[in-house]
Each structure stands twice: as structure tokens, then as C-alpha cells.
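These notes are about the structure you will find just below.
The values are calculated or read from the model by the stated rules, or taken from the named source; none is laboratory data. Note that the structure is a prediction, hence the values are computed from the model and not measured. As a convention, Cβ positions derive from the backbone with ideal geometry for all residues, glycine included, and neighbour counts pool all protein chains shown. Only protein heavy atoms, including side chains, enter the accessible area calculation; ligands, DNA and RNA are left aside. Shrake-Rupley method; radii C 1.70, N 1.55, O 1.52, S 1.80 Å.
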Amino acid sequence: MTNRVYNFSAGPAVLPVEVLEEARDNLLSLGDTGVGIMEHSHRGKAFLAVYHETEALCRELAGIPDNYRVLFLQGGASTQFFMVPMNFLPADRTADYLVTGAWSKKAVAEAKRFGAVHVAASSQDRNFCYIPHAASFSDEAVYTHFTSNNTIFGTQFATPPDVAAGMLVCDMSSDIFSRPIDVKKYGLIYAGAQKNLGPSGVTLVIIRDDWIERGPDDIPTMLQYRTHAENESMFNTPPTFGIYIMGLIFKWIKAQGGLSAMGEHNRDKAGILYDYIDHSNLFSGTADLDSRSQMNVTFVTGDADVDARFVSQAEVAGFSGLKGHRSVGGMRASLYNAFPQAGVKALIEFMQRFEAEQG
């Protein structure tokens, strides 16, 4: 079998080996059905059992109340960027947006197609290296949208913002289920699966019942949340394999101790890497101390040529996906749920050797 390297990719990202092994075993036959998981009809008993177990586990892990629907959609977070305002932002109303990175900027651009957008806070003045401490919220905003974790710039909200009006909408694509969530604070949560929940191709949406019915009924059928809520996400053929993997991930998270244990594990992983970076004479972090992400650790040497040499040598040594986004440069170590602490320690040892070689 090919040796697996340490995968620091920002997404699609590392998955638990035991999940991959179980999925491999079920590719030819799901249990004793004689039909592989990717071959089962989404209307058949075998897949419906998978679907209902996946939803139940999702609700259990996050403590999702009964007055919220769990949807498994397609189109990624990028579709939610316009689907949210299409459903909830009338032309004569305003929505507040917190702009803390590239993805929230894209969400703003889509929302402006439907109604007024008020940027309540932004960290663009310093290339998104921090989470704003204050915001100027509108008095009558329909909703407030924010991105909980910023993969490119390595920042993360420690807690959700307190809003005075409307509902709270969150793009949790890169930190969902990495720590406990108080779902009751939100009207809508969405997240692409490809970082903490499974393969690309599935978008998890958690939406409160009363908001489902607020959406207009004269927009395209597939872009109405009620369509998916009324059909168990099966108005059309859903991404069955992705939903199946998501269910295995939920089982794995539960076996690790749930979201509280996951949060502790992720804090510990990120903490030891940040501690090394903070004491290094070569490497330095790019995000402000109080805004640092537990999912994406961004760092530089201060010399683009040295950064490139580090990434190249790291790849050869078995550390994949460390090159930072072009907007920040340097390096980015993505430490999602399934990334092992042993990999962080191995990276630190490599960084120590590299630093010593620089004289």
C-alpha cells in the first residue's frame, strides 16, 4: 500500500483513515446488499437508512433543535452566497455583512445583486490579518452574515457576533464541527463538506423552520429552501456518496468524544504549532494573536525565496500542501479535525531542522 504523507491541504482535506477504509470496503457492496454505496438508488431502503442515520447523527452532535431542518445540498458555499440573499434579502431591505476575507467579499458581491448591503465591519485595511472587535450594525438588518473561519488569511471568530436585529447567517465551511456550536443563535448555517465533513460536492445547511417559509415562491424551484426541506434534500438526486461519507465522519467525531473533545483536540494541535512559531527566529505568524485560526495556521519567513525553498523541501520530506495562498504568501498548515497531532509534531521537527540549516 502507498505510504500516506501528512496532508496540510486547505481543502479538499485530510479524512480519517478509518473512514476511508470503511468507505473502501463498501464501494463494492454496502454491507451485505451486493450493491456498492455509489450504485444504490437514493429512493431505496439501503440509502434511505444511511441518509436518516446521517441526519440523526448531525442533530445529535450539534444539538440541533427540532425547529431546524438539516439539508444536504449541492453547489458549495458559493451557491449559498447568492441563495441566501435571493431568499431573504428583498430589494428594499438591508443585510449586514462582516468582511474578514476573500470568501466574505464574494458573499457581499452576490448579495448586492438582490438588495442593499451594509458592511458592518471589515479587516481589509490590514489584508484581513485580524477579526474586527467592533461593528456598526444596522438597526433593521434582515440578517447579518459572517464567515467564521478564514482559510486564506488564517483568522477565526472566537465567538459569533452579537447582533441587534435580524437573524445570524454563518458560512462555517472551514471550521464546522471543529468545536461546539450553539445552533439556536443562528437562523442559517451553511458549510461545504470538503474540509471537516467529507468530500467535496455536499453542502450542509442548517436552517430554522420559520425562515424557510419567508423565502419567495417565485424564484427557481431548486433555489428555494422549502423545496429541499419538503423533500428530505431529494427533490433531485442528491450527492449520495458524499452524504454517506459525511455520516461516517459524524460517527468518527462521536467516537472521539463529540464536538467538545474535538474542540480541545484542535486547540492543542494548533497551540503547539503556534508556540513553536512564536519562539522561532525564522518563522513568524501572519494573523494577530487574538484572531488566530485553529484550522489554518499561516506563517512566513520574511523572504519569499526561503519560503519557496521550505515548501519544496517539505514536500519531499512528506509534508504536502503547505504552500500559502498567493494573497498572503508563505506557508499555510491546515489542521482540520482529521489531521493528527503527530503530524504537527513532525512538522515542527522539520521546521527546526530547516531553521538550523539557515544559519
For residues that are over 18 Å from E355 (Cα atoms), open to solvent by less than 20 Å² (accessible area, probe 1.4 Å) and in a strand (DSSP E or B), tally how many sit in the stretch 320-336.
-> 1
Does at least one position in the stretch 79-94 carry a residue that is in a strand (DSSP E or B) and within 22 Å of the chain's Cα centre (by Cα)?
-> no
Tally, over the stretch 163-215, of residues that are open to solvent by 10 Å² or more (accessible area, probe 1.4 Å), in contact (Cβ under 8 Å) with a residue 40 or more places away in the chain and in contact with a strand residue (DSSP E or B) (Cβ under 6 Å, 6 or more places away or on another chain) = 4
Residue selected from the stretch 266-319 under the condition open to solvent by 30 Å² or more (accessible area, probe 1.4 Å) and of a type in the set (S, T, N, Q), by the criterion nearest to Q156 (Cα to Cα) | Q294
Determine whether the stretch 131-143 contains at least one residue that is within 23 Å of I212 (Cα to Cα), modelled with pLDDT of 95 or more, touching a Leu at 6+ places or on another chain (Cβ under 9 Å) and not aliphatic (A, V, I, L, M).
-> yes
State yes or no: is T100 among the hydroxyl-bearing types (S, T, Y) and open to solvent by less than 30 Å² (accessible area, probe 1.4 Å)?
-> yes
Are any residues in the stretch 275-321 farther than 13 Å from M331 by Cα and hydroxyl-bearing (S, T, Y), and if so, which ones?
-> Y276, S280, S291, S293
Please indicate, with yes or no, whether at least one residue in the stretch 34-55 is open to solvent by 70 Å² or more (accessible area, probe 1.4 Å), in a loop (DSSP other than H, G, I, E, B), under 14 Å from F241 (Cβ atoms) and in contact (Cβ under 8 Å) with a residue 24 or more places away in the chain.
-> no
Boolean, R214 is of a type in the set (D, E, K, R), in contact with a Gly (Cβ under 7 Å, 6 or more places away or on another chain) and at negative phi = no
Taking the stated definitions as given, is R93 out of contact with any Lys or Arg (no Cβ under 6 Å at 6 or more places or on another chain) and surrounded by 15 or more Cβ atoms within 10 Å (Cβ to Cβ)?
-> yes
Answer yes if at least one residue in the stretch 12-28 is among the basic types (K, R), part of a helix (DSSP H, G or I) and farther than 24 Å from S233 by Cβ, and no otherwise.
-> yes
Going through the stretch 133-162 in order, the residues found to be open to solvent by less than 30 Å² (accessible area, probe 1.4 Å), under 25 Å from Y336 (Cα atoms) and assigned to a loop (DSSP other than H, G, I, E, B) are S148, T151, I152, F153, G154, F157, P161
State which residue is surrounded by the most Cβ atoms within 10 Å (Cβ to Cβ) when the search covers only the stretch 337-359 and only residues that are of a type in the set (A, V, I, L, M) and in contact with a strand residue (DSSP E or B) (Cβ under 8 Å, 6 or more places away or on another chain).
-> L347
